[in-house]
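Read the structure below first, then the notes.
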């Protein structure tokens, strides 16, 4: 029983670091964008257009969820997945179904990392319940 828990715990630890690596890459790209050209573009984003400020805020929420998931996996993963799905919805509303594939490719790292965090959290809960 102990060997099974150690093996499962090793897989969970590996998947957690994959999620963290993806999250750090996404966050680093977001921070780079903000320092490089955010001061020019962010103030000019319109609030009325779904692909303006609402889309930027959805991206900000998703990235914040990935960073929050380092400490609180369930909450951060849920926020990241919700932000990514909100990005998909806003792109669909603003540009129609033609841009949905592009939006899906853009949000894929956010969705993957968020789902990995949620999966690691759930697996830890399952292992704890089995041990009890």
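The values are calculated or read from the model by the stated rules, or taken from the named source; none is laboratory data. Note that the coordinates shown come from a computational prediction; the quantities given were computed from them, not determined experimentally. FYI the Cβ positions are ideal-geometry reconstructions off the backbone, even for glycines, and counts take in every protein chain you see.
Among the conditions (1) over 24 Å from residue 44 (Cα atoms); (2) in contact (Cβ under 8 Å) with a residue 12 or more places away in the chain, residue 71 misses just one, which is (2). In the range 88-113, the residues that are in contact (Cβ under 8 Å) with a residue 12 or more places away in the chain form Cβ pairs under 6 Å with partners that are not in a helix (DSSP H, G or I), at six or more places apart or across chains, as follows: 90/50; 93/50; 94/50; 94/51. Inside the range 68-87, residues that are surrounded by fewer than 19 Cβ atoms within 10 Å (Cβ to Cβ), in a helix (DSSP H, G or I) and modelled with pLDDT under 95 make up a count of 1.
For the range 112-130, check the following and say yes or no: at least one residue is at pLDDT 95 or above and either more than 21 Å from residue 18 (Cβ to Cβ) or touching a strand residue (DSSP E or B) at 6+ places or on another chain (Cβ under 6 Å) (or both). Scanning the range 112-130 turns up no residue that is at pLDDT 95 or above and either more than 21 Å from residue 18 (Cβ to Cβ) or touching a strand residue (DSSP E or B) at 6+ places or on another chain (Cβ under 6 Å) (or both).
Checked against (1) on the phi < 0 side of the Ramachandran plot; (2) exposed (fewer than 15 other Cβ atoms within 10 Å of the Cβ); (3) out of contact with any helix residue (DSSP H, G or I) (no Cβ under 7 Å at 6 or more places or on another chain), residue 45 passes all but condition (3).
Checked against the criterion of being assigned to a helix (DSSP H, G or I), out of contact with any helix residue (DSSP H, G or I) (no Cβ under 7 Å at 6 or more places or on another chain) and surrounded by 14 or more Cβ atoms within 10 Å (Cβ to Cβ), the candidates 130, 122 yield just one match: 122.
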